[in-house]
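To start, the structure under review is shown below, and the notes come after it.
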Amino acid sequence: MPRKGEVRRREVLPDPKYHDRTVTKFINAMMIDGKKSIVEGIFYDALDLIADRAKEDPLGVFKRA
């Protein structure tokens, strides 16, 4: 409990590619040692594979999973 007032929760900004907050939260959960750019590359490559193989919207497949 802080002495100098209430601590505000930071708002999660949407990711730059899909503009979705759940994607950002998932990327932040996968992140190890602050290497966000590496995790973003892995995640976006995986979504590109889903788009190629499943011929569906990759963001919809991610949300269903």
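The values are calculated or read from the model by the stated rules, or taken from the named source; none is laboratory data. Small disclaimer: the values here were computed from a predicted structure and weren't measured. FYI the Cβ positions are ideal-geometry reconstructions off the backbone, even for glycines, and counts take in every protein chain you see. Side chains included, ligands, DNA and RNA excluded: accessible areas come from the protein's heavy atoms. Shrake-Rupley method; radii C 1.70, N 1.55, O 1.52, S 1.80 Å.
Quick rundown of the values:
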item: Trypsin sites (Lys or Arg not before Pro) restricted to DSSP loop in region 1-32 with at most 10 other C-beta within 10 Å; result: R3, K4, R8, R9, R10
item: Potential lengthening between I32 and E56 on full extension [0.36 nm per residue; Cα-Cα distance subtracted]; result: 5.7 nm
item: Within-9-Å neighbourhood charge of E40 [Cβ basis; K, R +1; D, E -1]; result: +1
item: Entry for Cα Rg over 2.2 N^0.38 Å (calculated from the structure that is shown) out of (1) 1.55; (2) 1.43; (3) 1.34; result: (2)
item: Selected from I50, G34, G60, residue furthest toward positive end of dipole (the chain; charges at beta carbon); result: G34
item: Solvent exposure, largest accessible area first (probe 1.4 Å, DNA, RNA and ligands not counted), of L13, L47, L59; result: L13, L59, L47
item: Where GluC sites (Glu not before Pro) fall in DSSP loop in the chain, at most 11 other Cβ within 10 Å; result: E6, E11, E56
item: Cβ charges +1 (Lys, Arg) and -1 (Asp, Glu), total dipole of the chain, debye; result: 520
item: C-alpha long axis of helix 36-54 to longest principal axis of the chain, angle in °; result: 30
